[in-house]
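The values are calculated or read from the model by the stated rules, or taken from the named source; none is laboratory data. Being a predicted model, the structure only gives us computed values, none of them experimental. All Cβ positions, even for glycine, are placed from backbone atoms using ideal geometry, and neighbour counts span all protein chains on display.
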Amino acid sequence: MPHYDEEPIDIADVVNRREFLGQMGTGLSSIALACLLQQEAHSSSVQTSSTSPLVPKSPHFPAKAKRVIQIFCPGAASQIDLWEYKPELIKRHDQPLPGLSGGVSFQGGNGNLMKSPWEFRQHGKSGKWISDLLPHLSGCVDDIAFIHSLTAKTNTHGPALLQMNTGFTVDGFPSAGAWVTYALGTENQNLPAFVAIPDIRGFPPNGPANWGPGFLPAAYQGTAFNTVQPIQDLSSPKSSSASEERDVRGFLNKINRKHAKQYRGNTELEARIAAYELAARMQLSAPEVTDISKETPSTIKLYGADSDNPLKSAYAKNCILARRLLERGVRFVQLYCGASASAVDGFLNWDAHKTLKQDYERHCPIMDQPTAALLADLKQRGLLDDTLILWTTEFGRMPTHQTGAEGRDHNPNGFTCWMAGAGVKEGTSYGATDDFGYKAEQNVCTIYDFHATVLHILGLDHKKLTYYNNGTQRRLTDVHGEVIKPVLS
C-alpha cells in the first residue's frame with residue numbers, strides 16, 4: 001500500500017454529490033459530441049477527397065435511359081391545335097361548351113367552342129391524328145408515346161412552369177434535372193452535368209428557377225448557355241497563353257488541395273474547389289461543343305439551321321448543340337422553344353390569347369423541323385437507344401375562344417406532353433380529354449405521375465430518391481406519383 005504523510009482528503013470537502021453527477025454528465029456528453037464530430041469529419045473527408053459530387057453513380061435498378069433531353073415550349077402550347085383530334089369540337093363549332101356556357105377562366109370570359117383552324121390527318125403505322133401545323137413531327141409519331149390526360153395544379157404560367165420543372169408551384173425546390181444529376185452524376189467531367197439551352201428570345205418565366213438546384217447542393221444546378229450566348233466569364237485573357245494558363249491552374253490546384261487538407265469535412269470548400277476546376281476544364285471543352293461550324297452541310301440542312309427565318313435557324317442550332325452535349329456525356333439537357341410573354345401577346349412564346357392562327361403559324365415552323373430532325377439524328381446515330389426525349393409545356397388551352405378575341409385561354413384541366421426514345425413504348429397514345437379537349441377524362445395523370453415515369457426509365461425509384469431538408473425527406477414527386485406503365489416498353 002502506498003504511504004502518504006499528508007492526511008487523506010475527504011471528497012465531500014471538494015464536491016458534493018449533486019455537483020459530481022452534474023460534472024460527470026457534462027463530461028460524458030462532451031466525449032460523445034467529440035466522437036460524433038470526429039466520425040462526421042472522417043466520413044466527409046473520405047467522400048470529398050476521393051469523389052466529386054458529379055461522378056457517375058448507380059441507379060436503383062437497371063435503367064433503360066442514361067440521359068434526358070427535355071424540350072420545353074413555354075406559354076402553354078394548345079393540345080387541341082397540335083396533338084388531339086376532336087371531331088365533336090369541329091361538329092359543334094361556335095356552340096356553347098356544354099356545362100360551361102359563359103364560364104370564366106384565367107383572363108376572363110369564354111365565348112363559344114372554336115374548332116382548330118387547321119386540318120388533322122392520320123400518320124404512321126399507328127394512324128395517329130396530327131395537325132397540319134406539324135408536317136415534320138407528324139412523320140415521327142411511330143417513335144412517340146403521347147400522354148393526352150395530364151393535369152396541372154395552377155392556370156398561371158410562372159407556378160405552372162415551376163410545377164412541370166420542379167414538381168412544386170412555388171420557388172425553392174430542385175428542378176428535375178438537378179434531381180437526376182444528384183442521383184446519377186455525369187459521364188463527362190469537362191462539361192456541366194446539367195445544361196439549360198434558352199431560346200435566343202430570352203429566358204422562360206421564372207428564368208433560372210426552372211433549372212435551379214433548390215435545396216440540393218449547388219453543384220447540381222443547370223448551366224445556361226446556347227450557340228449565341230456562350231458560358232459567361234469563361235474565356236482566358238488575351239494576354240495569357242495556353243501554357244501559362246495550365247501552369248497557373250496547376251499551382252492553384254496545389255494551394256487549394258493543401259488548404260483543403262487543413263479543413264477536412266468542409267464540403268462547401270470542396271465543392272467550390274471542384275467548381276473552379278470544372279470551369280478551368282470547360283475553357284477547353286465548352287468552346288468546342290458550342291462550335292457547330294464543323295457539322296456537315298447535310299446535318300445543317302436536316303435541322304433547318306440554314307433557314308432564312310432567324311428564329312428557326314437559332315432554335316435549329318440549339319437542337320444541334322443539344323445533340324452534341326448528349327454525345328459528350330451530359331446527363332440532362334433542357335431545350336427551350338420560346339421565352340417569357342411580352343406586350344405583343346403570343347409573339348415570344350405559345351401564349352395565344354388573342355390571335356391563335358397568326359401566333360401558331362409563326363411558332364410551329366420554328367419548332368417543327370428542328371425537333372423532328374433531333375429525333376431522327378439521335379436515332380440514326382444510335383443515341384436514341386439510351387436517351388429519353390421529353391416534349392413538355394406547362395398546361396393546355398381552352399376549346400373555346402376568349403370573349404372578344406380569336407385565341408384560347410389557359411386550361412390546366414387537360415393537356416398533352418410526350419416521350420420518345422429509351423424505355424418508351426413507340427406509337428402509343430395514353431389517356432384522353434373529353435370530346436372537346438377541355439378536361440382529362442380517360443386515365444387522368446398528374447405531373448407527379450409524369451416525373452415518376454421519367455425517373456423510372458432512368459432506373460430511379462421516385463419514392464427512394466430523397467434529400468433531407470428542413471425537417472423532412474423531400475422528393476421530386478412530393479408524396480404523390482405513380483409510374484405510367486402503359487407508356488413503357
| note | Those residues of the stretch 207-218 that are crowded, with 20+ Cβ neighbours inside 10 Å and not small (Gly, Ala, Ser) come to a total of 4
| field | Pick from the stretch 289-306, criterion free of Cβ contacts under 8 Å to residues at least 12 places away in the same chain and polar (S, T, N, Q), ranking: farthest from Gln189 (Cα to Cα) | value | Ser298
| Any residue at all in the stretch 435-450 that is crowded, with 24+ Cβ neighbours inside 10 Å, in the same structural domain as Thr371 (by TED's automatic domain parsing), modelled with pLDDT of 95 or more and among the β-branched types (Val, Ile, Thr)? | yes
| message | Looking at the stretch 393-411, can you tell me whether even one residue there is within 22 Å of Ser313 (Cα to Cα) and either in the same structural domain as His136 (by TED's automatic domain parsing) or free of Cβ contacts under 8 Å to residues at least 12 places away in the same chain (or both)? | response | yes
| request: Among the helices (runs of 4 or more DSSP H) lying completely within the stretch 83-190, list those that include at least 2 residues that are more than 28 Å from Val330 (Cβ to Cβ) and modelled with pLDDT of 95 or more. | output: 87-91
| query | Since His401 meets every condition but one in (1) buried (at least 22 other Cβ atoms within 10 Å of the Cβ); (2) of a type outside the set (D, E, K, R); (3) part of a strand (DSSP E or B), which condition does it not meet? | reply | (1)
| field | Qualifying residue in the stretch 347-358 (condition: hydroxyl-bearing (Ser, Thr, Tyr), modelled with pLDDT under 95 and surrounded by fewer than 24 Cβ atoms within 10 Å (Cβ to Cβ)) | value | yes
| Restricting to the stretch 169-187, what's the tally of residues that are among the small types (Gly, Ala, Ser) and surrounded by fewer than 24 Cβ atoms within 10 Å (Cβ to Cβ)? | 3
| note | Of the candidates Gly202, Gly214, Gly185, Gly207, the one satisfying the condition of being more than 12 Å from the chain's Cα centre (by Cα) and farther than 26 Å from Ala152 by Cα is Gly185
| query | Could we say that Pro117 is surrounded by fewer than 23 Cβ atoms within 10 Å (Cβ to Cβ), free of Cβ contacts under 8 Å to residues at least 40 places away in the same chain, under 20 Å from Asn411 (Cβ atoms) and not hydrophobic (A, V, I, L, M, F, W, C) here? | reply | no
| Mind checking whether some residue in the stretch 388-400 is farther than 12 Å from Thr151 by Cα and charged (D, E, K, R)? | no
| task | Kindly establish whether Ala316 is at pLDDT 95 or above and in contact with a strand residue (DSSP E or B) (Cβ under 6 Å, 6 or more places away or on another chain). | result | no
| task | Among residues belonging to the stretch 455-489 that are β-branched (Val, Ile, Thr) and either free of Cβ contacts under 8 Å to residues at least 60 places away in the same chain or assigned to a loop (DSSP other than H, G, I, E, B) (or both), point out the one that is nearest to Thr181 (Cα to Cα). | result | Thr466
| message | Restricting to the stretch 217-264, and then to whatever is charged (D, E, K, R) and in a loop (DSSP other than H, G, I, E, B), can you tell me which residue is modelled with the lowest pLDDT? | response | Asp233
| remark: How many residues of the stretch 56-77 are within 23 Å of Val424 (Cα to Cα) and either outside any loop (DSSP other than H, G, I, E, B) or touching a strand residue (DSSP E or B) at 6+ places or on another chain (Cβ under 9 Å) (or both)? The answer is 11
